[in-house]
Amino acid sequence: MLHQGESNTNDVEWPTKFKNIYNNLLDDLNLKSEFVPLLAGEVVNADQGGICASMNKIISKLPEVVANSHVISSAGCPDVADNLHFSAEGYRILGKRYASKMLSLLSYKLTD
């Protein structure tokens, strides 16, 4: 699981840079990417006034660069006044989205 912070905003090379880190982690831990899905969360969305929301377009490119990666949307997740961090409710919503995606990847049937 990965949640991009506010550093590297608008760095179009971010997916490739992260791929190198991810591959190093897989190698160090002797893991295969096909068995280790990567979930990457967006930063505070533009619909909440996110200061770094432009990074979400770059984050969305991650599945093109890293096999078995999935982007978790932050749309509608409330944030706090700094427009950089999610509110407690926003983190809970985002956390549920991470969990739902992982459970679906593990073939669990989800109910509302």
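Readers should treat all values here as calculations from the given coordinates under stated rules, not as data from a laboratory. Predicted model, so just to flag it, every value in this text is computed and none were measured. Here Cβ is always computed from backbone atoms with ideal geometry, including for glycine, and neighbour counts include all displayed protein chains.
Quick notes on this structure:
- The stretch 2-105 - percent relative contact order, Cα under 8 Å, separation 6 or more: 27 percent
- Set Lys61/Lys101; Lys17/Lys61; Lys19/Lys96; Lys19/Lys57; Lys32/Lys101 screened for pairs whose C-alpha atoms are more than 23 Å apart: Lys19/Lys96
- For the chain, the alpha carbon positions stretch 42, 38, 20 Å along the principal axes, listed from largest to smallest.
- Taking Lys and Arg as +1 and Asp and Glu as -1, the other residues whose beta-carbon sits under 11 Å from that of Gly49 total -3.
- The stretch 14-66: proportion of alpha-carbon pairs further apart than 18 angstrom, %: 40 percent
- Charge dipole (debye, nearest 20) of the chain; +1 at Cβ of Lys and Arg, -1 at Cβ of Asp and Glu: 360 debye
- Filtered trypsin sites (Lys or Arg not before Pro), the stretch 7-81: DSSP coil and at most 16 other beta carbons within 10 Å: Lys32, Lys61
- For the stretch 62-112, the alpha carbon positions stretch 37, 31, 12 Å along the principal axes, listed from largest to smallest.
- Cα centroid separation - the stretch 86-112 against the stretch 19-58, whole Å: 16 Å
- Residue of Phe86, Phe35, Phe18 that the Gaussian network model of the chain assigns the largest fluctuation, springs spanning Cα pairs under 10 Å: Phe35
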